[in-house]
Amino acid sequence: MSGWPYPSYADRRWLGGERGPDKALAGVVRALRALAAETGGTVDGSPASLLHALTQLADLGERVEWAMLSVIGEARTEGVTWGAIGDALGVTKQAAQQRFAPYVKQALDRATVTAE
């Protein structure tokens, strides 16, 4: 039973496809399909496949957040301003600083303690 009006996860055209015009989204499609296969899943429209893909997508999203925090922390230690980081993320300086500054500070504090 498929009432979903858009291409299925199993369809090569899903979300624009693996080589679609939106390069970032195409990268996510490729990464998710590869991750699903590497973790024992299949890429088909079955409920089990969809749930497996959803689990992998949630894990991927969490890792993207970690990577973003890491890149932002590194950028800050290289003197990149919160304004420039906000511009890169498409948000205001204040939004970037409010969201990420506590985590950057915590990571730097931990690194200082570890280095001592």
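The values are calculated or read from the model by the stated rules, or taken from the named source; none is laboratory data. Bear in mind that the values here come from a model prediction, so they are computed numbers and not experimental data. For neighbour counting, all protein chains shown are included, and Cβ atoms are generated from backbone atoms with ideal geometry for every residue, glycine included. Surface areas here come from the heavy atoms of the whole protein model, side chains and all, with no ligands, DNA or RNA. Shrake-Rupley method; radii C 1.70, N 1.55, O 1.52, S 1.80 Å.
For segment 65-116, go through all pairs of different Cα atoms, get the mean of 1/r, take its inverse, and jot down that Kirkwood value in Å.
It is 11.2 Å.
Once fully extended, how much extra length lies between Leu57 and Glu78, figured as 0.36 nm per residue of separation less the alpha-carbon to alpha-carbon distance?
Result: 4.4 nm gained on full extension.
Expressed as a whole percent, how much of the Cα-Cα distance distribution for segment 47-93 exceeds 13 Å?
Roughly 65 percent, rounded to a whole number.
If you fit an axis through the alpha-carbon atoms of helix 47-77 and take the longest principal axis of the Cα set of the chain, what angle between them do you get, 0 to 90°, nearest 10?
20 degrees
So between Ala48 and Ala26, what do we pick up on full extension, going 0.36 nm a residue minus the alpha carbon distance?
5.6 nm
Take the chain, drop everything but the C-alpha atoms, weight them equally and run the Debye formula without solvent; then report log10 I(q)/I(0) at 0.09 Å⁻¹ to two decimals.
Values, matching the q order: -0.38.
With a cut-off of 8 Å between alpha carbons and a minimum separation of six or more residues, what is the relative contact order of the chain in percent?
13 percent
Using a 1.4 Å probe over the heavy atoms of the protein chains, calculate the carbon and sulfur portion of the accessible area of segment 36-116 as a whole percent.
60 percent
Using a Gaussian network model of the chain whose springs link C-alpha atoms within less than 10 Å, name the residue from Gly45, Gly90, Gly17 with the highest mean-square fluctuation.
So, out of Gly45, Gly90, Gly17, the one fluctuating most is Gly90.
Just how large is the dipole of segment 56-116 about the Cα centre, in debye to the nearest 20, putting +1 at every Lys and Arg Cβ and -1 at every Asp and Glu Cβ?
180 debye
Just want the answer: with Cβ charges of +1 for Lys and Arg and -1 for Asp and Glu, which residue in Thr112, Ala88, Leu69 is farthest toward the dipole's positive end in segment 1-114?
Sorting the options by dipole projection puts first Ala88.
About the Cα centre of the chain, what is the dipole size in debye to 20, counting +1 per Lys and Arg Cβ and -1 per Asp and Glu Cβ, all else neutral?
Roughly 260 debye, rounded to the nearest 20.
Label points 7 Å out from Cα along the Cβ direction at Tyr6 and Ala95: separation in nm?
Placing both labels 7 Å beyond Cα along the Cβ direction yields 2.1 nm.
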